[in-house]
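Please treat every number below as a calculation from the coordinates, not as lab data. Not measured: the values here are computed from a predicted model. Here the Cβ is made from the backbone with ideal geometry for all residues, glycine too, and neighbour counts use every protein chain on show.
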Amino acid sequence: MRKIVHVDMDAFYASVEQRDDPGLRGRPVVVAWKGQRSVVCAASYEARRFGVRSAMPAITAERLCPRAIFVPPDFPRYQAASRHVRSILLRHTDLVEPLSLDEAYLDVTENRTGLPTATAVAKAVRAAIREELNLTASAGVAPNKFLAKIASDWRKPDGLFVIQPGDIEAFLPPLPVGRLPGVGKVTEARLRAMGIGSVGELRSRGRDALEASFGKCGARFCELSCGIDASPVVPNRPTKSISAETTIESDVPLDHTAELIAKLAERVWTASRKDAREARTIVLKLKTSEFAILTRSQTLTRPIESALELAAVAQALRTRVARLPTERYRLVGVGLSHFH
């Protein structure tokens, strides 16, 4: 039986802004550039009360919360705070798996601080984050990663929730089926059409029926519905891809994206030099003015050797986009994957 803690910083980017500027405290803060093409990076809990959420268009956030204070993102500052949080987590265990700048899993089945329970570790982590960074974090404690992540969201913000092994049978079945990892909006709608709205109803269908409808995912759904998740906490998970993209202020024809592709290739190449491995696959991503996403990729027999070569391949991929001359594009991205 493992002891897993999931730590999730509360409204992380917005909380850092409110911490560093007392004038923002208690006010609806939206971390985003203002503009027609910008999206929300984070929203304070004061802004969330108006329905503002991350990833929504900034113009929508402005409409929902006219008094919102828009703050441009400062990622170096957020990264510095994230590194400090990581150092706190590593005091308790080497088994720390970051998911993003603001959340991570810890396996504290054995912890180096000698605390008697995983709950005690979670309390110590949250207290240190509050004392050293003047920020708050929510935490979930459970026998596996899946349940720990659900638990960390249970009493947000600034909360702690524990799911003991003996609690699983009472806790899990009433939950909406959409709380299961891998059940997105499309799959949830499909399950509801089958008369499955809760985790308990999903479990009652049995493994064979779920596999028949959803293949390997069905088997995974069956395990999760029973509270089973054998996935380990994996520290220092290798990067699968590196990419950079940007939204263009005004839609442009395809042949006007060359300069932007070159700049993105330079950014991606610089980022990839921090990894000792070498990439073989180059990806070009485009989003049309109608929000259709197009990708083109090429895998080479040898690693990319320079930013110029990366840009050249990405530009060549652009010629493989067969679209109407009147088509316009709002986003361009360049990426590297298949690292060796």
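Please check: in the Gaussian network model of the chain (C-alpha springs, under 10 Å), which one of Tyr105, Tyr78, Tyr13 has the largest mean-square fluctuation.
Largest GNM mean-square fluctuation: Tyr78.
If you look at just the Cα atoms of region 161-202, how large are its Rg and its Dmax in Å?
Over region 161-202's Cα set, Rg and Dmax evaluate to 11.4, 33 Å.
With the radius of gyration and the Kirkwood radius both derived from the Cα set of region 241-339, what is their ratio Rg to Rh? Walk me through the numbers on the way to the answer.
Values: Rg = 13.0 Å, Rh = 13.4 Å.
Ratio of gyration radius to Kirkwood radius for region 241-339: 0.97.
On the first, second and third principal axes, largest extent first, how far apart are the outermost C-alpha atoms of region 172-225 in Å?
21, 21, 19
Within 10 Å of each residue's Cβ, count the other Cβ atoms and sort Leu264, Leu294 from fewest upward. List each step's numbers first, then the result.
Values: Leu264 24, Leu294 16.
Final ranking by Cβ density, sparse to dense: Leu294, Leu264.
What are the ³J(HN,Hα) values, in whole Hz, obtained from phi via the Karplus relation 6.51 cos²θ - 1.76 cosθ + 1.60 with θ = phi - 60°, for each residue of region 153-159 in sequence order, with x given for Gly and Pro?
8, 6, 10, 5, x, 6, x
Can you sort Val321, Val233, Val29 from fewest to most other Cβ atoms within 10 Å of each residue's own Cβ?
Details: Val321 16, Val233 23, Val29 27.
Fewest-to-most Cβ neighbours within 10 Å comes out as Val321, Val233, Val29.
Calculate I(q)/I(0) for region 161-294 by the Debye formula, one identical point scatterer on each C-alpha and no solvent, and give its log10 at q = 0.15 Å⁻¹ to two decimals.
At q = 0.15 Å⁻¹ the computed log10 ratios are -0.88.
HN-Hα J couplings of region 326-340 from phi, Karplus 6.51/-1.76/1.60, θ = phi - 60°, integer Hz, Gly and Pro as x?
Going residue by residue, I get 7, 5, 10, 10, 10, 8, 10, x, 10, x, 10, 8, 6, 7, 10 Hz, with x marking Gly and Pro.
Could you work out how far apart the two model spin labels at Arg63 and Gln164 are, taking each label as a point 7 Å from the Cα in the direction of the beta carbon, and quote it in nm?
4.9 nm
Roughly speaking, what is the centre-to-centre gap between region 142-188 and region 279-320 when only Cα atoms are used, to the nearest Å?
Taking the Cα centre of each part, region 142-188 and region 279-320 sit 39 Å apart.
Over the chain, with a Gaussian network built from C-alpha contacts below 10 Å, which listed residue (Pro303, Pro325, Pro181) shows the highest mean-square fluctuation?
Pro325
Restricting to DSSP H runs of at least four residues, report the calculated mean residue ellipticity at 222 nm for the chain, -39500 (n - 2.57) per run over all residues, nearest 500 deg cm²/dmol.
Values: 13 runs with 125 residues, N = 340.
Calculated from helices alone, the mean residue ellipticity at 222 nm is -10500 deg cm²/dmol.
Go through 52-60, 329-337 and give me the packing order, highest mean Cβ count within 10 Å leading. Write down the numbers at each step before the final one.
On the way: 52-60: 16.3, 329-337: 22.0.
Packing proxy ranking, top to bottom: 329-337, 52-60.
Rounded to the nearest angstrom and ordered from largest down, what semi-axes does the equivalent ellipsoid of the chain get from its C-alpha gyration tensor (root of 5λ)? Mind dumping the intermediate values first?
Values: eigenvalues 257, 143, 109 Å².
Here the semi-axes work out to 36, 27, 23 Å.
Starting from the Cα-Cα distance between Met1 and Asp21, subtract it from 0.36 nm times their residue separation and give me the gain in nm to one decimal. Don't skip to the end; give the middle numbers.
Details: separation 20, 0.36 × 20 = 7.20 nm, distance 4.40 nm.
Taking Met1 through Asp21 to full extension adds about 2.8 nm, to one decimal.
What is the set of long-range amide H partners of Val29 at a cut-off below 5 Å, with H atoms built 1.01 Å from backbone N?
Ser44, Glu46, Ala47, Ile69
Taking the chain as a Gaussian network, where each spring joins two C-alpha atoms under 10 Å apart, which residue of Asn236, Asn144, Asn111 fluctuates the most?
Asn236
Calculate one ³J(HN,Hα) per residue across region 308-319 by plugging θ = phi - 60° into the Karplus curve 6.51 cos²θ - 1.76 cosθ + 1.60, and present them in order as whole Hz with x for glycine and proline.
So the Karplus estimates, Gly and Pro as x, are 5, 5, 4, 5, 5, 5, 4, 5, 5, 4, 4, 6 Hz.
Between the alpha-carbon centers of region 86-102 and region 208-264, tell me the distance in whole angstrom.
Using only Cα atoms, the two centres lie 22 Å from each other.
Let me check I have the definition right: for region 1-111, take the eigenvalues of the Cα gyration tensor, multiply each by 5, take square roots. What are those semi-axes in whole Å, largest first? Write out the running numbers ahead of the final one.
Details: eigenvalues 191, 38, 28 Å².
Output for region 1-111: semi-axes of 31, 14, 12 Å.
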